[in-house]
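To start, the structure under review is shown below, and the notes come after it.
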């Protein structure tokens, strides 16, 4: 894991690859639990015998299951000291170039694309690429947007004592 002492140090690596998370296996149990949580029980995800005769030859993880791992991958790839909080703001762009078959191993890699000041804190855009072990095409490429608030500030840009802080 790569660690940064503060947001200024993090900003200095704009455009750099930040590293990779460890590999993790995507199990059929995870896929089934995700299907239960999202009420998406399509056979390509939850019926191994039928999926074996389908277009992928096995069950596949939901694209949104893969996307949901991005936050965990980011926590495993880098850490910024001195934050009061980090908030997921959204995703600017997401693609699923290749399916993740049950039993496959995936990991995330991250690049800091941008970090800009906002009244609430620093808005980062990080491209996370989810790789599949042994495959050329990634499972997911997502440009995530996060708000990082330094210690001593609230998300409204004011100090914890209620006074405005200058950027």
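The values are calculated or read from the model by the stated rules, or taken from the named source; none is laboratory data. If you're wondering where the values come from, they're calculated on a predicted model, not measured in any experiment. Here the Cβ is made from the backbone with ideal geometry for all residues, glycine too, and neighbour counts use every protein chain on show.
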Look at the stretch 1-32 and say how many of its residues are in a helix (DSSP H, G or I), out of contact with any helix residue (DSSP H, G or I) (no Cβ under 9 Å at 6 or more places or on another chain) and under 19 Å from residue 106 (Cα atoms).
1
Among what's in the stretch 27-36 and is surrounded by 12 or more Cβ atoms within 10 Å (Cβ to Cβ) and free of Cβ contacts under 8 Å to residues at least 60 places away in the same chain, pick the residue that is nearest to residue 65 (Cα to Cα).
34
List pairs: first in the stretch 13-26 and at positive phi and surrounded by 14 or more Cβ atoms within 10 Å (Cβ to Cβ), second at pLDDT below 95 and assigned to a strand (DSSP E or B), Cβ under 9 Å, 6+ apart or cross-chain?
none
When you look at residue 162, is it surrounded by fewer than 19 Cβ atoms within 10 Å (Cβ to Cβ) and modelled with pLDDT under 95, yes or no?
yes
